[in-house]
Amino acid sequence: MSDAHSLIRYDLQIIAAWIEPGSRVLDLGCGEGDLLQHLINRKKVVGAGIEHNEEKVARCIEKGLSVLQGDINQEILDYPDHAFDHVILSQTLQQVYAPAALIRSMLRVGRRGIVSFPNFSHWSLRLQLLLTGRAPVSRQLPYQWHDTPNIRVITLTDFRRFAAEVGLQVLKEAAINTNSQDRFGRITKVLPNLRATYGIYMIAAGKGFPS
Amino acid sequence: MSEYIEHSKDSVSVGLVEKKFFTFAAPPHEMVLESGARIGPLTLAYETYGSLAPDRQNAVLILHALSGDSHAAGVYTERDEKPGWWDCMVGPGKGIDTDRFFVICANIIGSCMGSTGPSSVNSATGRPYGLDFPVVTIGDMVAAQKALIDHLGIAQLLCVVGGSIGGMQVLEWCVRYPGMVYAAIPLATTMRHSALAIAFNEVARQSIMADPNWNHGDYYGGRKPELGLAVARMIGHITYLSDESMRLKFGRRLQDKSDFSFNFDADFQVESYLRYQGRKFVDRFDANSFLYITKAADYFDLGKQHGGGSAVQACSKARARFLVISFTSDWLYPTYQARHIVKALKKCGRDVSFCEIEAEWGHDAFLIPGERLKNLIHGFLQRVHDERRAQPHPL
């Protein structure tokens, strides 16, 4: 990675590297807008974001970002078809109640979708479950079973399978090993489903994908 | 809206300001109103703060609500203790930074704060208009402001901003004169007045018209319908607050007594407060203006007027970037109405930011000093200012 991408989290650096300069980007669950800000500064994108939390929305708007407060599943419905080149769902898929419907919306309003999520089949999680018999807790998944916002358990293998089933084309993928807030990490090439902490996918509508 | 200006006495200010007047539409070139009626000459009272940049790209137009005026910030004399109604937001280094922006605020037509309204003298008769004043709309108010902006030599406003009825004017500006508005901040407002809002306005109007002194609007020079106007203001005040803010501010506390009076004096603090607000309002506001402005708000329906019934069609005429803001406890223009604006703007591909500010103070929250609103407006203005500078040919 070049210096230009070194200011934001490693997983966001990967996403940023996939975005074409000057494109139109929608970031679903954009938080305090780090990725959007980065993409606007470095890639001259036209960016917009949706975020649920008032405090975070306010931070974004104060920074000069175009962000609106609301639920991503609802707010995405209002955009016209192909309003964006890229629609990003970063580390949120595991919290979405109806992932297929949301991804369908993403690929209606955008040409391409980028989704990332923590890999629930990392060896350390498997080991925890096996040895302690308790729901795994890690730096990427720091929650107890009763207070986690993560309602979907996804692995890299599961997502690939899901993509094939619903007719998604996987254009790019990166299995990475990084800690949750780290600016450094590496691509995991060998046994990714066992060794990667996150998966990132660029997707488009494939054959048979309902539009 | 009500008055919170006492909150901001100690802060920095734009300092001494002056109310100016612009008169136009002299016969035979009267302004044609939406109703088809003609009126002229028309005068607008206005104030400006800060200075216009040589490229004339830093003008921000503030649009006031029902009982507001052109005096948004600063003081008239050194000993003036009452700064303008949005002094907490407008001034050096404030949310709308007068060190950077040329800020304009004009009194709406139909009002009684220096612009032509029902209490103004009709040049044709030499007497105050009264009910001979034609019914004006939000669109008419905006058309009059446009004449002022033309007069000031500003081809495009960097931003139009306003809350409540001022927010309606913001939306109207964006679709009526899309080329003249680069960015817009509608606050605590709606695209169309709800039945609830119309109902409160109607009760308030009935209260004025039921006052024998009202005399079908012909009371200038005689006794004014003070009781009717005071009750109208009391009704308004209830809608500007919220269940929560009234509970916090008054609860069931008694006013200057420890037990009930067992008569119909003001026992509760909330009664005493409303009576005081009503009395105070009568001294500065004209009852007929109250009728005209509330009627304009009730008629407001952006989709009907500009989109053949479709809010999306109407919004598609706008070219501005938007920051829409609502407040959680505002029950006069609840958040769902702000969301309708956001939805319509998104559907036609406009750039829109939206924030629902957590606030317990009801509809009036937009007038109360607060870091959240100040920072949102500050950040948005800076962004659109920079974006516009970066474009050689705006729009």
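The values are calculated or read from the model by the stated rules, or taken from the named source; none is laboratory data. Please read these numbers as outputs of a predicted model, since none were measured by experiment. Cβ atoms come from the backbone with ideal geometry, glycine included; neighbour counts cover every protein chain shown.
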Looking only at segment B:314-332, decide whether some residue is within 11 Å of chain A (Cβ to nearest Cβ), over 20 Å from the mean Cα position of the chain (by Cα) and more than 30 Å from B:Phe250 (Cβ to Cβ). yes
What helices (runs of 4 or more DSSP H), lying completely within segment B:256-307, carry at least 2 residues that are under 21 Å from B:Gly114 (Cα atoms)? B:269-284, B:287-299
Where residues in segment B:340-365 are part of a helix (DSSP H, G or I) and touching a residue at least 60 places away in the same chain (Cβ under 8 Å), which of them is nearest to B:Pro186 (Cα to Cα)? B:Ile341
Checked segment B:367-377 for anything closer than 24 Å to A:Gly33 by Cβ, more than 7 Å from chain A (Cβ to nearest Cβ) and either assigned to a helix (DSSP H, G or I) or touching a Lys or Arg at 6+ places or on another chain (Cβ under 9 Å) (or both); matches are B:Glu371, B:Leu373, B:Lys374, B:Ile377
Would you pick out the residues in segment A:38-93 that are among the aliphatic types (A, V, I, L, M) and not in a helix (DSSP H, G or I)? A:Val45, A:Val46, A:Ala48, A:Ile50, A:Leu65, A:Val67, A:Leu68, A:Ala83, A:Val87, A:Ile88, A:Leu89
The number of residues in segment A:156-185 that are over 15 Å from A:Ile200 (Cα atoms), aliphatic (A, V, I, L, M) and in contact (Cβ under 8 Å) with a residue 24 or more places away in the chain is 1
Take the residues of segment B:287-305 that are crowded, with 22+ Cβ neighbours inside 10 Å and not hydroxyl-bearing (Ser, Thr, Tyr): which is nearest to the chain's Cα centre (by Cα)? B:Ile293
Every residue in segment B:354-383 that is farther than 13 Å from A:Glu54 by Cβ, at pLDDT 95 or above and surrounded by fewer than 18 Cβ atoms within 10 Å (Cβ to Cβ), please. B:Lys374, B:Gln382
Qualifying residue in segment B:333-349 (condition: of a type in the set (Ser, Thr, Tyr), away from every other protein chain (no Cβ under 13 Å), over 22 Å from B:Arg383 (Cα atoms) and touching an Asp or Glu at 6+ places or on another chain (Cβ under 9 Å)): no
Are any residues in segment A:39-60 closer than 21 Å to A:Leu93 by Cβ and more than 12 Å from chain B (Cβ to nearest Cβ), and if so, which ones? A:Leu39
Taking segment B:221-268 and keeping residues in contact with a strand residue (DSSP E or B) (Cβ under 8 Å, 6 or more places away or on another chain) and surrounded by 13 or more Cβ atoms within 10 Å (Cβ to Cβ) leaves B:Phe250, B:Leu254, B:Gln255, B:Asp267, B:Phe268
Identity of the residue in segment A:103-119, of a type in the set (A, V, I, L, M) and in a strand (DSSP E or B), that ends up surrounded by the most Cβ atoms within 10 Å (Cβ to Cβ): A:Val115
In this structure, is A:Arg126 basic (Lys, Arg), over 16 Å from the mean Cα position of the chain (by Cα) and surrounded by 13 or more Cβ atoms within 10 Å (Cβ to Cβ)? yes
Scanning segment A:61-73 for residues that are within 8 Å of chain B (Cβ to nearest Cβ) and within 21 Å of the chain's Cα centre (by Cα) gives A:Leu65, A:Ser66, A:Val67, A:Leu68, A:Gln69, A:Gly70
Test for A:Gln95: is it surrounded by fewer than 20 Cβ atoms within 10 Å (Cβ to Cβ) and out of contact with any Pro (no Cβ under 6 Å at 6 or more places or on another chain): no
Going by the structure shown, is A:Asn193 part of a strand (DSSP E or B), modelled with pLDDT under 95 and either farther than 25 Å from A:Leu26 by Cβ or acidic (Asp, Glu) (or both)? no
For segment B:1-105, please list each of the strands (runs of 3 or more DSSP E) lying entirely inside it that holds at least 2 residues being modelled with pLDDT under 95 and crowded, with 20+ Cβ neighbours inside 10 Å. none
